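Nothing in this text is a laboratory measurement; each read-out follows from the coordinates by a stated rule. Values in this document were obtained by computation on a predicted structure and should not be read as measured data. Here the Cβ positions follow ideal geometry from the backbone for every residue, glycine too, while neighbour counts run over all protein chains shown.
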Amino acid sequence: MSERIAFIGGGNMASAIIGGLIKQGVSPQDIDVVEPSEEARQQLSSSFGITAQAQANPSLATASLVVWAIKPQAFKDAAVAAGPFTGNALHLSVAAGIPTDSMAAWLGTQRVVRAMPNTPALIGKGISGLFARAGASAEDRAQVERVMASTGEFLWLDTEDKLDVVTALSGSGPAYVFYFMEAMTMAGTEMGLSREQAEHLAVATFAGASDLAQTSADSPQVLRQRVTSKGGTTFAAISSMEDNDVRALFIDAMYAARERAKKLGAEFGAA
């Protein structure tokens, strides 16, 4: 990648992408960042050797790609500030909820792609859902793929509304995993293990089970059934969860996440 890339926002997700790009061979001198927080600017400097700017300026006009890595509520104001300098660029947003209709209107371009990554992107093991407006060319999509590959896997979606589902499933998904790790750790300590032992067992179990699910030709359902012998210990645990409607409650929680993603778009995506 020889193009200049600008980031609007320099927080965790921007840092994950920047770190991945630099590992791919992109020079820090080819990366611009606009970040209001002095602390975040200092972190970018110490981590990557990037001199970030506090506000949008004409230097953004040299970027062929602008990555929007800011909170939904800040997007419109940032777009109004940066838009006059970025009219010729491709725009990639990793901001939750903001629809591409709004971005296209604020930025004055149809070359807009939305991504919904997740936090394992910080170690290059994320997965992102992608949606491109019709105005984004095949080369634009290829450029986005090169950037997002630095954070892990990705998949394209045919309709934008499915990004809300991705948000609920994989975008928020790491928090669900951590939540269950917390519960397993708590149960382990209540039953006599040290916290360190219980947490080690919980984290290693999730890591191993995830690797097994990824490498196996069998579905998670089949893998679960194989370790759930009727009358055994796993059967007792799964039966308890089923009796308490854990599966239904978990599915309800994901619907709640999807609805929140929709509301974010309606609240902060209005023109």
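Quick notes on this structure:
- Fraction of beta bridges assigned by DSSP in the chain that are antiparallel (%, nearest 5): 15 percent
- Principal-axis tilt of helix 72-82 within the chain, Cα atoms, nearest 10 degrees: 20 degrees
- For the pair MET191 and ARG260, a Förster radius of 35 Å applied to the C-beta separation gives a FRET efficiency near 0.50, rounded to the nearest 0.05.
- Separation in nanometres of the label points that stand 7 Å from Cα toward Cβ, at SER240 and SER64: 5.7 nm
- Residues whose placed amide H lies under 5 Å from that of LEU90, excluding near-sequence neighbours: LEU65, VAL66
- Charge dipole (debye, nearest 20) of segment 189-247; +1 at Cβ of Lys and Arg, -1 at Cβ of Asp and Glu: 200 debye
- Each residue, ALA175 and GLU267, gets one label point 7 Å from its Cα in the Cβ direction; the gap between the two is 1.2 nm.
- Lysine pair count for the chain [Cα-Cα under 19 Å; pairs on different chains or 8 or more apart]: 7
- Largest GNM mean-square fluctuation among ASN118, ASN244, ASN12, using the chain with Cα springs under 10 Å: ASN244.
- Whole-number percent relative contact order across segment 173-261, with pairs defined as alpha carbons under 8 Å at least 6 apart: 14 percent
- Sum of -39500 (n - 2.57) over DSSP H runs of 4+, divided by residues of the chain (222 nm, nearest 500): -16000 deg cm²/dmol
- Scaled radius of gyration (Cα, divided by 2.2 N^0.38 Å) that the chain gives: 1.14
- Shape call, segment 1-121: gyration tensor on alpha carbons, a/c limit 1.5: rounded
- Helix 138-148 vs. the chain, principal-axis angle (Cα, 0 to 90°, nearest 10): 60 degrees
- Cα centroid separation - segment 116-191 against segment 81-102, whole Å: 20 Å
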